[in-house]
Amino acid sequence: RRAVIAAGAGLLAALASGRARAASSSWQKIMDSGVVRFGVMPSHGPYHDLQGGKWVGCAIQMGLDCMAALSEAMKKPLRDTYVETSLANVILDLQADNLDLYFGLTESEERRRAITLFGPIYALPECAINGRGFNPGDTWAAYDKPSVSVSVVMGSTDEQAAQKMLP
């Protein structure tokens, strides 16, 4: 919870930076509308998932905690709204001002060049999930063989990790 509050403070600092002073800044738009637009992806647990018409997940809770910190800093109540996006489009949606916040991206050099990142908020280890009956060993070197097939989502930081650890 402390990490999320600290992330909220980082969000506030990022929004209050030079970008936030511009007339069309995220800070000003949120201040004027009273709405924070969160990017979400259906069935993208444990980050966000639509269950019974309500968005749930750890990214939803992080967003709500940040919104509470932002509401306090702005000294006004804010409400949340959700904008569906995808891993392929989330950076474009942030750049196009279709959403204000998105939690669940891994930091990468490419993403740092495309958008302003104020994290990371948390770190997740890379891991391998083996198919039934397959266990080559417990090191990345054990997987780094021509006879071993590895599947990842193309364009993701998982792909970058696989290229780095499984040359």
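Inspect all residues belonging to the range 117-124 and state whether any of them is in contact (Cβ under 8 Å) with a residue 60 or more places away in the chain and on the phi > 0 side of the Ramachandran plot. No, the range 117-124 contains no residue that is in contact (Cβ under 8 Å) with a residue 60 or more places away in the chain and on the phi > 0 side of the Ramachandran plot. Considering only the range 128-146, I want to know if a residue exists there that is under 21 Å from the mean Cα position of the chain (by Cα), surrounded by 15 or more Cβ atoms within 10 Å (Cβ to Cβ) and not hydrophobic (A, V, I, L, M, F, W, C). No: zero hits.
The residue of the range 107-126 that is surrounded by the fewest Cβ atoms within 10 Å (Cβ to Cβ), among those that are among the hydroxyl-bearing types (S, T, Y) and more than 19 Å from Q61 (Cα to Cα), is T116. Taken together, the residues in the range 71-102 that are assigned to a loop (DSSP other than H, G, I, E, B), touching a residue at least 40 places away in the same chain (Cβ under 8 Å) and on the phi < 0 side of the Ramachandran plot amount to 11.
A short reminder: the numbers here are calculations on the coordinates, not readings from a lab. All values derive from a computational prediction rather than experimental measurement. Here Cβ is always computed from backbone atoms with ideal geometry, including for glycine, and neighbour counts include all displayed protein chains.
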